[in-house]
Amino acid sequence: MTEMTVPWQKTLASWWESYVRRFWGRDEETDYHVRLKVAHTARVRNIARQLMHPRELPAQELALVDAAALLHDVGRFPQYWQYRTFRDLLSVDHADLGAKTLDEEGVWQWLPPEAAVVLRQAVVWHNKRALPPEAAGAAWLPAQVVRDADKLDIFDMLTTDKEYRMPPTDGISQAGGVSEEIADMVAAGRLGLPAQVKTAADQQAFRISWVYDLNTVEAVRYVDRAGFLPLLLAALPEGEAKVRIGQAVEACVKRRLATEA
């Protein structure tokens, strides 16, 4: 998957690069946030390739996975340009905006109709709480993989000591522990809710709960190999909530590694 193997891939990549160039140069703050998303997109594409490498998929399926990774955050660029934030709750759903952008840009004209449908769905669904029942079919694998690769890169951003480490989120208090509400949900093996996030500790617990939403066993193996869980848990305040959350997510990973081929 390191070379373009499907004719429309090169056209799509060229469009993406030219589209992103429109958002450079307004001011240093905007350029910084554009750089963040350009780098994130590149890493998500790379992770998606790694996840699918063992499967030896046909070129068309690999191309769809790669294109879904390329396009998944295209809505982030107009989002920041208009609202100066990446927080959907304070602006707009960036996945829906991404699909709208792709529609308005006429991107789908370069793709086979079935590929256009799959990729539009993958973009819209990449940030939703769960994949809808209608995702079954050709869109299922690209949507699953881009959701997984996106989360894995965020786990990396939260735990790395490199320059792309995720900065604190604007508008969220750095003080305080994990709320009982979100601690109970995550300890029970359930995804947290964005609306529950009031503090940085809540946000960390919410992100840790994404482990429950990993679709592919390759992504679970990636979490295990990278050693993400101990690092993610280390950022939680000491206390009962941290212990309960740690036990639950570690058990989930252990169970999936033991039971899934």
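The values are calculated or read from the model by the stated rules, or taken from the named source; none is laboratory data. What you are looking at is a predicted structure, and each value in this text was computed from that prediction instead of being measured. Cβ sites come from the backbone with ideal geometry, for glycine too, and all protein chains shown count toward neighbours. The accessibility values were calculated without ligands, DNA or RNA, using every heavy atom of the protein model including side chains. Shrake-Rupley method; radii C 1.70, N 1.55, O 1.52, S 1.80 Å.
Might you check whether a residue that is open to solvent by 70 Å² or more (accessible area, probe 1.4 Å) and out of contact with any Cys (no Cβ under 9 Å at 6 or more places or on another chain) occurs anywhere in segment 63-76? No; the residues of segment 63-76 include none that is open to solvent by 70 Å² or more (accessible area, probe 1.4 Å) and out of contact with any Cys (no Cβ under 9 Å at 6 or more places or on another chain).
Picking from residues in segment 227-253 that are touching a helix residue (DSSP H, G or I) at 6+ places or on another chain (Cβ under 7 Å) and small (Gly, Ala, Ser), the one that is surrounded by the fewest Cβ atoms within 10 Å (Cβ to Cβ) is ALA235.
Hydrophobic (A, V, I, L, M, F, W, C) and surrounded by fewer than 13 Cβ atoms within 10 Å (Cβ to Cβ), is that true of ALA175?
Details: hydrophobic (A, V, I, L, M, F, W, C): yes; surrounded by fewer than 13 Cβ atoms within 10 Å (Cβ to Cβ): yes.
So ALA175 passes the test.
Only one of the numbered conditions (1) crowded, with 18+ Cβ neighbours inside 10 Å; (2) over 25 Å from LYS128 (Cβ atoms); (3) among the basic types (Lys, Arg) is violated by ARG256, and that is (2). Taking first residues from segment 234-257 that are polar (S, T, N, Q) and partners that are modelled with pLDDT of 95 or more, the Cβ contacts under 9 Å between residues at least 6 apart in sequence or on separate chains come to GLN247/ALA187.
Among the residues of segment 40-62, those that are among the hydrophobic types (A, V, I, L, M, F, W, C) and open to solvent by less than 40 Å² (accessible area, probe 1.4 Å) comprise VAL44, ILE47, ALA48, LEU51, MET52, LEU57, LEU62. Of everything listed in (1) under 22 Å from VAL20 (Cα atoms); (2) open to solvent by 20 Å² or more (accessible area, probe 1.4 Å); (3) within 18 Å of the chain's Cα centre (by Cα), the single unmet condition for PRO132 is (1). Out of all the residues in segment 113-122, is one or more touching a Lys or Arg at 6+ places or on another chain (Cβ under 9 Å) and among the hydrophobic types (A, V, I, L, M, F, W, C)? Checked against the condition, which is being touching a Lys or Arg at 6+ places or on another chain (Cβ under 9 Å) and among the hydrophobic types (A, V, I, L, M, F, W, C), segment 113-122 yields at least one hit.
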